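Comments concern the structure below.
The values are calculated or read from the model by the stated rules, or taken from the named source; none is laboratory data. Computed from a predicted structure; not experimentally measured. Cβ atoms come from the backbone with ideal geometry, glycine included; neighbour counts cover every protein chain shown. Just so you know, the surface numbers come from the protein's heavy atoms only, side chains and all, with ligands and any DNA or RNA stripped out. Shrake-Rupley method; radii C 1.70, N 1.55, O 1.52, S 1.80 Å.
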Amino acid sequence: MQVTVSASHISGSIFAPASKSSMQRACAAALVKKGESIVQNPGISNDDKAALGVIQALGATVEYLEDGSIKINSENFLKGSAENAPSAVNCGESGLGIRMFAPIVALSENTITINGEGSLLSRPMDFFDEVLPQLGVEISSNNGKLPLKVRGPLQPKNITIDGSLSSQFLTGLLMAYAASGASGVSIKVIDLKSKPYVDLTLKVMKDFGLNVPENKNYEEFYFTNQPINQPTDQLITYTVEGDWSGGAFLLVAGAIAGDIVVKGLDINSTQADKAVLKALKDCGCKLDIDESAISIGPGSLVAFDFDATDCPDLFPPLVALASYCEGTTVIKGVQRLTHKESNRALTLQDEFGKMGIDIQLNGDEMYIHGGDGVKGAHVHSRHDHRIAMACAVAALKAEGDVVIDAADAVNKSYPNFYEHLEQLGVIVN
């Protein structure tokens, strides 16, 4: 799919999309809860659909209700004979999905193959080869990559894991430990990254009545002999948060191209990408924040410094913002970009280079030289949803049209992204 975005003045109000970080965790928590749950404001992205597919393969039923919410019944999770057990699950192209669901799948005593698609097939999965056998799980992989074949049941034990690559591995283990009734055991973590996402995991676990471990300064997660939260048979109702990751692109669009109001973002959220507000405050755009909405518009934009180590998904929208900021913007956390849908550091450098933006990489820092204008160009998303959105937002005040190849990559996280831009007045063809 090819999309052309023309320079546009935007205005109006828009609701941010549902958070796939929140939605996928809700699916996992609803599964291991072993009961009925109502999920309001469910996400519609490809990653969200993949999560629903996984929990259905593992025995849950999903019913779509008239008000747009979904009812999940997981009473049959881990029940039934080996003949009725799934032989495989597919996590689509979701990095969170594979890392979160693999330990949950390993709760089964049956052999189950875990598959994925697209860029997920090239992402490293060595973590599971190293950790799951320590928990009594038989596992084989394709030289540290998908597909994985696992057989449990996973047995919670005291372990130490490396948290430097992603916090998503820890999320899966926390869910699996809670589901298996872990008691008096802990997971110790070395060099944990993306701590706010762990906060989100713990909050979702609490909201679903799961056994929440004691968080000891993000270095140890201890499951007490007396669970902090007792599992409940009561119907759980959970509302998926608005997505700060997708909302960041809308906010940056406002900072670049016109006064808009973005609704549906919880300013008290634990989502890591809420940190985009700091960059917006520092760059000099017009910004007014309250509980129900964020009003934003262009100002005299200046370069800013930002540490994205704990929120690497902000690199693409912030590069688009920095392109219009006078001076050199410095963003730290480049090493977190290697194993995304593309190597995002190099992809941003290449694709924004086509639009006349000079980006330099030095160790863990990215330098974006902005303020000299953005040129129209023909770019490629590299099948990375956030690259497609970044290029589209950068096009809003470009000197010429920006043509984006593989623009449908946005379906992974924000399927109605281009429709939302059009609602704000963007010319999209």
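Of the residues making up the stretch 279-308, those that are open to solvent by 10 Å² or more (accessible area, probe 1.4 Å), under 25 Å from residue 398 (Cα atoms) and not in a strand (DSSP E or B) are 281, 282, 284, 285, 298, 299, 300, 301, 303.
Where strands (runs of 3 or more DSSP E) fall entirely within the stretch 3-48, those with at least 1 residues that are buried (at least 18 other Cβ atoms within 10 Å of the Cβ), in contact with a Ser or Thr (Cβ under 7 Å, 6 or more places away or on another chain) and at pLDDT 95 or above are at 36-40.
Quick check: is even one residue across the stretch 72-79 under 30 Å from residue 243 (Cα atoms), of a type in the set (S, T, N, Q), in contact with a strand residue (DSSP E or B) (Cβ under 6 Å, 6 or more places away or on another chain) and free of Cβ contacts under 8 Å to residues at least 40 places away in the same chain?
yes
Scanning the stretch 83-122 for residues that are more than 22 Å from residue 22 (Cα to Cα) and open to solvent by 60 Å² or more (accessible area, probe 1.4 Å) turns up 83, 84, 87, 109, 111, 121, 122.
Comparison of 246, 254 shows that the only residue that is touching a strand residue (DSSP E or B) at 6+ places or on another chain (Cβ under 7 Å), open to solvent by less than 10 Å² (accessible area, probe 1.4 Å), over 25 Å from residue 73 (Cα atoms) and not acidic (Asp, Glu) is 254.
Only one entry of 211, 158 meets the criterion of being of a type outside the set (Lys, Arg), farther than 20 Å from residue 116 by Cβ and modelled with pLDDT of 95 or more, and that entry is 158.
One residue stands out among those in the stretch 124-152 that are in a helix (DSSP H, G or I) and in contact with a helix residue (DSSP H, G or I) (Cβ under 6 Å, 6 or more places away or on another chain): the one that is surrounded by the most Cβ atoms within 10 Å (Cβ to Cβ), which is 128. Selection of the stretch 338-395 for residues being open to solvent by 30 Å² or more (accessible area, probe 1.4 Å) and assigned to a helix (DSSP H, G or I) yields 346, 349, 350, 353, 354.
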